[in-house]
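The block underneath contains the structure these notes are about, expressed in structure tokens.
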Amino acid sequence: MRLPPRTADALIAGLVLLLVTVWTLISGWHTHESAERAALGWALVLVGCGALALRRAWPVAVAVVTLLACVAYYPLSEQDGPLMIAFALALYTTAAEGRFAAAVALAAVTLLAVGLGEARQRPGHRQIDETALAMLAGWLISLVAVGRAQRTRTAYLHEVEQRALAAEREQEARARQSATEERLRIARELHDVLGHTVSLINVQSGAALHRLAKRPDPESALTTATEALTAVRTTSKDALRELRATLGVLRGADEAAPTAPPASGLALLGELTARARAASLDVRTRVTGTPVPLPPPVDLAAYRIVQESLTNVTRHSAAGTVTVTLDWAAETGTVRIRVADDGGGAAPDPVGPDGSGASGGSGVRGMAERARALGGTLTAGPAGGGFAVDARLPTTLAPREGKQR
């Protein structure tokens, strides 16, 4: 368990005080001095050691206090204890806390004061010779250098820690973004799968009930009910197939992106239009240009755009005819998908090439998002008395895009 800085400083100050006290008592066991000088010496020891409790809060002030305590203590006291330890620790802390200039100045002042003091002594009364003075200079320089090195190391560790925290936050943000994008993708898939088939089932069931409400003869009623139930069974079977495929992708979410053809694609366009025809909608298909194999994400997106467009016609329009056009443009490397109806009923909000205006319904917004995610465009709006969805998708994907999607 790591102690708080103030508690650690107080503990170190107490240990230094204990060391100085024990050393002073042992070294001055046979030394005799007056009570006043002894009291003053111990007071200076308490001040010098006690100031260390604040060494990181006010490093320069503590270093000055300990230095002054040493300056007053050694000439006055007969004990001659190791109070210099307190100043050495304060000087190191000053450099370690980033006050390098102040630490150098204090070390220089200390060395100069000791040198001048010894130079003024009478011959034979000096306590520090040239060798000891050189050693003192070496110790002072070492304390400042070690403090500076500790400061550099602390700053480096802090920078590494901040970078690690920033990397962790960035990773968490990317994870949240990926999770959000995945939820939107899942919602889009489920909307396209369930929305289309449930709408068809609703239309087929409603048409059958309308016919039965006319009270036909039993044989006609049985034929109508059989046709309706057959269409509902076929539609629901297709819905279950696509739903199982979507759930299979979710179960393998941690696996690599699939390279096999998707469960739904333009190869199943005939089945899609057949289901729409079963809902009393005249669907016509036109293909121009030479079809080429599409990457799985593009193939699925093209299928979903046609699927959602037919769903919107079934839900919102009174159209009787829908034309699905696939225009393969080899020179531009795109496939144009256009779904236009002749209905005059309600339609989703128009959508621009950049997806603007796609706030009215999740289906139209989902189509626009699919197209933009693959580098394509999609527009939707009134056209020729009806409503048209016009999308352009690339027939190839860059390796990075294909891998991500």
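Pull out the extension gain between Gln171 and Arg233, defined as 0.36 nm times the separation in residues minus the alpha carbon to alpha carbon distance; nm, one decimal. It would help to have the intermediate numbers written out before the result.
Numbers: separation 62, 0.36 × 62 = 22.32 nm, distance 4.65 nm.
Once the chain is fully extended between Gln171 and Arg233, it gains 17.7 nm.
Stretched out straight at 0.36 nm per residue, the stretch from Thr321 to Gln150 would grow longer than its current Cα-Cα span by 53.5 nm. For the range 36-77 versus the range 164-201, the spacing of their alpha-carbon centroids is 66 Å.
Gain on full extension, evaluated as 0.36 nm per residue between His158 and Thr7 minus their Cα-Cα distance, stands at 52.2 nm.
Between Asn202 and Val292, the simple label model (points 7 Å from Cα in the Cβ direction) yields a spacing of 4.0 nm. With an a/c value of 1.5 or above and a/b not larger than b/c for the gyration tensor axes a ≥ b ≥ c computed over the alpha-carbon atoms, the range 31-157 is described as oblate. Accessible surface ranking for Thr379, Thr152, Thr197, 1.4 angstrom probe, highest first: Thr152, Thr379, Thr197. The HN-Hα couplings worked out from phi for the range 285-296 by the Karplus form 6.51 cos²θ - 1.76 cosθ + 1.60 (θ = phi - 60°) are 10, 10, 10, 10, x, 9, x, 10, x, 9, x, x Hz, whole numbers, x standing for Gly and Pro. Of the residues Glu161, Glu219, ranked by 1.4 Å probe accessible area with the largest first, the sequence reads Glu219, Glu161.
Quote the FRET efficiency, to the nearest 0.05, computed for Arg277 versus Thr180 with a Förster distance R0 of 35 Å and r equal to the Cβ-Cβ distance.
Details: r = 38 Å, r/R0 = 1.09.
Calculated value: 0.40.
Using the beta-carbon distance between Trp29 and Met135 and R0 = 25 Å, what value does 1/(1 + (r/R0)^6) give for FRET efficiency, to the nearest 0.05?
Efficiency for this residue pair is about 0.40.
Near Gly81: Cβ cut-off under 14 Å, other residues only, Lys/Arg at +1 and Asp/Glu at -1. The net charge is -2.
For the range 153-195, what is the accessible area per residue in Å², given a 1.4 Å probe and the full set of protein chains? If you can, show how the numbers build up before the last one.
Working: 3320 Å² over 43 residues.
Accessible area per residue, the range 153-195: 77 Å².
The values are calculated or read from the model by the stated rules, or taken from the named source; none is laboratory data. No experiment lies behind these values; they were computed from the predicted model shown. All Cβ positions, even for glycine, are placed from backbone atoms using ideal geometry, and neighbour counts span all protein chains on display. Areas reflect the complete protein model, heavy atoms only, side chains present, ligands, DNA and RNA absent. Shrake-Rupley method; radii C 1.70, N 1.55, O 1.52, S 1.80 Å.
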